[in-house]
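The structure appears below as structure tokens.
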Amino acid sequence: MINCPSADCPWKGISIEQYYRHVQRMHEPLNGYMCIEKCGRLFTSITSLRKHTLSCREKYNSNIECNTERTINHFEQLHEPCHPAEIHVENEINSREKDNEEINIENKCVVVSDTVKLVAVEAKQLSTNMTLKWLSENGLARKVAFEINRDIKQNIVDPLSSVIHDLQLKGAMTNECEQMLTTMLESFDCTSEYKCIQQLKRDGLYEDPTYFHVNEEQMSLSADPLSERIFEQIHGVLMPVKFMLRTYLQTEGVFNTVINSLKLSNDGLIRSLIDGSIWQERTREMCCRTVIPINIYFDDFTTSDTSSCHSKSTSICAVYLNIPSMPAYLQGKLSNILTVGFIKSQDRKKMNNDKTLHRLIELLIELETKGITVSIDGEERRVFFVLGFIVGDNLGVNGILDYVESFRANFFCRVCKRRRIQTETDAKEHSEVFRSPMSYDHDVRLGIVSETGIKASSPFNKIPSYHVTHNFVFDIMHDIFEGVGIYDLQHMLYYFVYIRKYFSVSDFNERKNNFVYGNQNSDNIIHDIQDHHLKMKRIKCTANEMKTLIIFLPLIIGPLIPENDEVWQLACSLVKIVHIVLLRDVPYELVKELRSVIEFHHTQYVKLFQDSLKPKHHNLVHYPTAILKGGALRQHWCMRFEAKHREPKAYCKVNSNRINMCSSIAVKSNFKFAYNCMNKNFVFPKIQYDETQIYLNQCRTLYLKNSNCNLNNIDMEAVKFLKSFVKCETVYNRGSIFNVVSKATVNIYKILEIFLNNNNAILLLCEQFEVVKFNTHLQSFELNAKTTTVIVDNIENCESQQINLHDVNNTMYLRLCNYYKV
């Protein structure tokens, strides 16, 4: 029997392999390992002990064989004499062979040990990744994920381990094979949340969220009036933001992508807040640092309890973070929106922002002044994060920044001090009444909310480079698609249907339903409008549905409306506004155009409908200035942040815990972040294709040769064809129609063939459409059926978008405003 090296452990075994497994599982590392062959030597590692033990065993067996040979030789010497020289040579040869065998055994042992370690690491990663995949599923409770793991271990892993052990004992499997398979199966041990979190911490993928004290609340008294009063502690949850940012930037490809996005545009286009005047002024003295902008988003969302009398107490305020300068196709990915924290909405509204947000503000100050250290390609770099904008809907941003939350107040606007009565007819912006740090301090000292619109001094002003008057940003999702767009369409459709009687409600619903929107928009079609709703001027729809309806409205009902109709011209101005504010790259000349279109729109709205302008109309007059100060408005809209709410909302539906929902959601978000880090789900190539989509076809090669395109620079013998490819998460294949935008020029193509040249660059054989004219009434380009065959060889670098062409009265149209040369 072999005893355990630890004096406190009663374990005993019968084989060396059992001894090693026991030591590695239960006691490693120890201060020293005594030789089990009792030779008296002490080793510092289990690997050294293993080599020494094998060597001792071999020598012991060799000594037995040598003693047996000596006995036989002695017996033979008594009967037959031999030459001493021959005996000496034979003993020397045997000694060399034994030494070589010992060296081979030691080398083999080292190779097997290294292989087992490598297998253990890979198996542990696979096991952890599988567990994180289940934990990151929004609709799966955390305890269910670990129950699945326990069932797999109990019903699959443990029986399989037993079979492997039996096969090894019966000689049907080598020791090395048994050791590797056992190591693989033993790595599947994430059967509890504690074990999983500890493993993730060792891998550098997890850090516990922190809980900060907000206040305490007295609980209701029990039946006994003499019982002691109980106070409930109110806490908020703050994620390990510094750890998350460090891990995020150190993930493959993220840091270089972020750094490349911090360059100023030099092509006359306004993209992100990097091109805005506010960011350039705030970071002028930080030119020697690596400074990354971050946007903070605040918004409340409801959990699964939405109808009971306690629904308000389960509403949660979520705080998210993103880097607004990232490329557009990466900003839309939810994994690039990081969770910052959670707090109950009821608690945030009861307490002031100083109490509920102090930990977050301290964190933002530290990120700006001290930064974090990240390791990029073995080099330590200091990175600083500066708060760009606080974004959200109008009510949320006003509340977070301590402005009035009633839009019937005298001064509801957070960027200017126009009275509400004045904003009801304002079609222009009045820059002379913009809020500034100086006027803000004066209003805070004045302390009259009805005359200033400021409830209290915002704690965000403590951040060195930030001031709430610099928060010159608006959300086009809430302002237009859940505001101005609905106001306009309610009046317009009422006018077209009941006053001018161009069409009926049923005609509108039929044309809307039969219109071909294309793959990109087919899921966002507004429901049928009811006649009694339109008579009351009430239209209800989502922001995406309203966006789709406004974009395609000219082709849906435009042919039914006479030209020069004033209300229709108002509708066309709304279409132009939506086109410009949805651009990710805004030319400077379009900013001036946007200002004039908004002025026309507001003036006509008041004149035609005899209705006052709403607060969301007033926000639109600031849009041109907001683009110049903070970049393209689409970079800051709430559409993707709202989509991020789906993750905690789905988890709340399957989680029966209602006591500490913020903590449960925070842990779930941590697991999802760890999964994204392990699988590098943040940055991906702009263009991707699967190798299985590549094929060779002689007929298509011949067709390509016979086309009228210039193929002189293409080696036709090396051409390979491609069924489809993905660009910015949109699939392109034969028959796809797309446009290529370059500054103020747009070209329309239809893909005939996709092929790869000898450098594996994607080339497209396309039909290029010819534009006949721009139809002002339909706000669309009229296209000719005649096309030209061309080769598009820069699809990877150009800005392209998949589109649909629409047949209206036997004429083909492209729904696009006339801000391009075609």
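For the cross-link pairs Lys201/Lys668; Lys133/Lys263; Lys344/Lys537; Lys455/Lys614, which exceed 27 Å when the distance is taken from alpha carbon to alpha carbon? Over 27 Å apart, Cα to Cα: Lys133/Lys263; Lys344/Lys537. The separation of the range 367-435 from the range 768-791, counted between C-alpha centres, amounts to 42 Å. The peptide list 339-352, 247-260, put in order of mean Cβ contacts within 10 Å with the highest first, becomes 339-352, 247-260. Just so you know, the averaged projected area of the alpha carbon convex hull for the range 118-172 sits at 4.6 nm². The stretch between Asn818 and His442 holds 130.8 nm of extra length on full extension. This uses 0.36 nm per residue minus the Cα-Cα distance. The range 648-693 and the range 153-185 have Cα centres separated by 35 Å.
Give me the accessible area of Met678, 1.4 Å probe, in Å² rounded to the nearest 10. Surface accessible to solvent at Met678 totals approximately 60 Å².
Note on surface exposure: Arg634, Arg500, Arg150 rank Arg500, Arg150, Arg634 by accessible area, highest first, 1.4 Å probe.
Provide the gained length on full extension for the span Asn759 to Asn706, in nm with one decimal, where the gain is 0.36 nm per separating residue minus the Cα-Cα distance.
So the chain would gain 16.9 nm between Asn759 and Asn706.
Take 745-751, 622-628 and order them by the average number of nearby Cβ atoms within 10 Å per residue, most first; the result is 622-628, 745-751. Size of the range 474-626: Rg and Dmax of its alpha carbons, in Å, are 15.0, 44. Counting each pair of different Cα atoms once, what's the Kirkwood radius of the range 712-822 in Å, rounded to one decimal? Here the Kirkwood hydrodynamic radius works out to 15.0 Å. According to the Kirkwood relation over distinct C-alpha pairs, the hydrodynamic radius of the range 487-560 is 12.6 Å.
Of the two radii for the range 439-488, the radius of gyration is 1.14 times the Kirkwood radius, both from the alpha carbons; that is the Rg over Rh value.
List, in order, the whole-Hz ³J(HN,Hα) value for each residue of the range 448-460 obtained from phi through the Karplus relation with A = 6.51, B = -1.76, C = 1.60 and θ = phi - 60°; use x for Gly and Pro. Couplings: 10, 4, 5, 9, 10, x, 10, 7, 7, 5, 6, x, 5 Hz. Over the range 279-402, the fraction of Cα-Cα pairs per 5 Å bin, rounded to whole percents and listed from the shortest bin up, is 2, 9, 15, 20, 18, 15, 9, 6, 3, 2, 1, 0. Return the tail of the calculated pair distribution for the range 152-204, meaning the percent of Cα-Cα pairs more than 12 Å apart. Value for the range 152-204: 67 percent of Cα pairs lie more than 12 Å apart. The listed residues Tyr605, Tyr495, once ranked by accessible area (1.4 Å probe) with the largest placed first, stand as Tyr495, Tyr605. Distances over 11 Å make up what percent of all Cα-Cα pairs in the range 376-416? Here the tail beyond 11 Å accounts for 72 percent of pairs.
The values are calculated or read from the model by the stated rules, or taken from the named source; none is laboratory data. What you see is a predicted model; the values in this text were computed from it and never measured. When we count neighbours, we look across all protein chains shown, and the Cβ atoms used for this are built from the backbone with ideal geometry, even at glycine. These area figures cover heavy atoms from the full protein model, side chains too; ligands, DNA and RNA do not enter into them. Shrake-Rupley method; radii C 1.70, N 1.55, O 1.52, S 1.80 Å.
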